[in-house]
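Notes for the one structure printed next.
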Amino acid sequence: MLACFLWLALATLCVQVPNLLGIHEQHQDGLVSLVDALKIAGMSLPLIFIATTGFAIYYGRGDKFFSYPAMVIYAHIFALIVGVVIQVFILKAKETNVVELVGIGVCITGLVISIYSKEIMALLK
């Protein structure tokens, strides 16, 4: 199960690189043109290949442990966490407010409850 989440982490991080390059380009020129976007896509192809591999392994192996909707939610939660980390530590463009941090806390709590749902249900019986 841990390997599934490691692949999810790698895939999510790889997907963020083109996004960050786009933000960087926008800050330099004030506008991301179609040509700029195509250059970013070309430079990011190896990372997108790794990301696609990571997501395929995450969903393929995760099917043994979780339902598909649960895996989609886990992927979104991880993307949210990575997004806030990027915002705070890399972009330093905006401050993270308390509501965002509480939302992440709620998501992480839900993630932990969902992952350990079988054990929790066994304790409640």
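The values are calculated or read from the model by the stated rules, or taken from the named source; none is laboratory data. Note that the structure is predicted; figures quoted are calculated from it, not measured. Every residue, glycine among them, receives a Cβ derived from its backbone with ideal geometry; neighbour counts consider all protein chains shown. What goes into the accessible areas is simple: the full protein's heavy atoms, side chains included, and nothing from ligands, DNA or RNA. Shrake-Rupley method; radii C 1.70, N 1.55, O 1.52, S 1.80 Å.
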>> Test of understanding: what is the full-extension gain from Thr53 to Ser114, defined as 0.36 nm times their sequence separation minus their Cα-Cα distance?
In response: 19.5 nm
>> Between 0 and 90 degrees, rounded to the nearest ten: what's the tilt of helix 2-29 against the longest Cα principal axis of the chain?
In response: 20
> Which stretch or stretches of the range 6-31 have amide N atoms under 15 Å from the point lying 7 Å from Ala41's Cα along the Cα→Cβ direction?
Replying inline: 18-19, 22
> Based on the alpha-carbon gyration tensor of the range 56-125 and its eigenvalue square roots a ≥ b ≥ c, which shape applies: rounded if a/c is under 1.5, prolate if not and a/b is larger than b/c, or oblate?
Replying inline: oblate
>> How big is the dipole moment of the range 1-112 about its Cα centre under a simple scheme where the beta carbon of each Lys and Arg is +1, that of each Asp and Glu is -1, and everything else is neutral? Debye, nearest 20, please.
In response: 280
>> Over the chain, how many pairs of lysines fall under 28 Å by alpha carbon, counting only those 8 or more apart in sequence or from different chains?
In response: 4
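Compute the FRET efficiency between Gln28 and Gln87 as 1/(1 + (r/R0)^6), taking r as their Cβ-Cβ distance and R0 = 22 Å, and round to the nearest 0.05. Could you put the intermediate results ahead of the total?
On the way: r = 19 Å, r/R0 = 0.87.
Using R0 = 22 Å, I get an efficiency of 0.70.
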> Once both axes come from the Cα atoms, what is the angle between helix 68-85 and the longest principal axis of the chain, in degrees from 0 to 90, rounded to 10?
Replying inline: 50
>> Can you tell me how the range 1-73 classifies by the Cα gyration tensor, rounded, prolate or oblate, using a/c under 1.5 as the rounded cut?
In response: prolate
>> Quick check on the chain: helices-only [θ] at 222 nm, where DSSP H runs of length 4 and up contribute -39,500 (n - 2.57) each and the sum goes over total residues. Nearest 500, please.
In response: -28000 deg cm²/dmol
>> Before I look further, what does the chain give for accessible area per residue, probe 1.4 Å, in whole square angstrom?
In response: 68
> Over the heavy atoms of Ile86, what accessible area does a 1.4 Å probe trace out, to the nearest 10 Å²?
Replying inline: 20
> For semi-axes √(5λ) of the Cα gyration tensor in Å, the listed values are (1) 32, 20, 9; (2) 21, 16, 13; (3) 42, 14, 9; which was obtained by calculation from the structure presented?
Replying inline: (1)
>> Rounded to the nearest 10 Å², what accessible area does Asp29 have for a 1.4 Å probe in the complete protein model?
In response: 100
>> Just to confirm the number: angle between the C-alpha axis of helix 98-115 and the first principal axis of the chain, 0 to 90 degrees, nearest 10?
In response: 50
> Using the alpha-carbon centroid of each, what span in Å lies between the range 1-26 and the range 65-125?
Replying inline: 16
> Ordering Lys64, Lys39 from largest to smallest accessible area (1.4 angstrom probe), what's the sequence?
Replying inline: Lys64, Lys39
> Accessible surface of Met121 in the full protein assembly, 1.4 angstrom probe, to the nearest 10 Å²?
Replying inline: 110
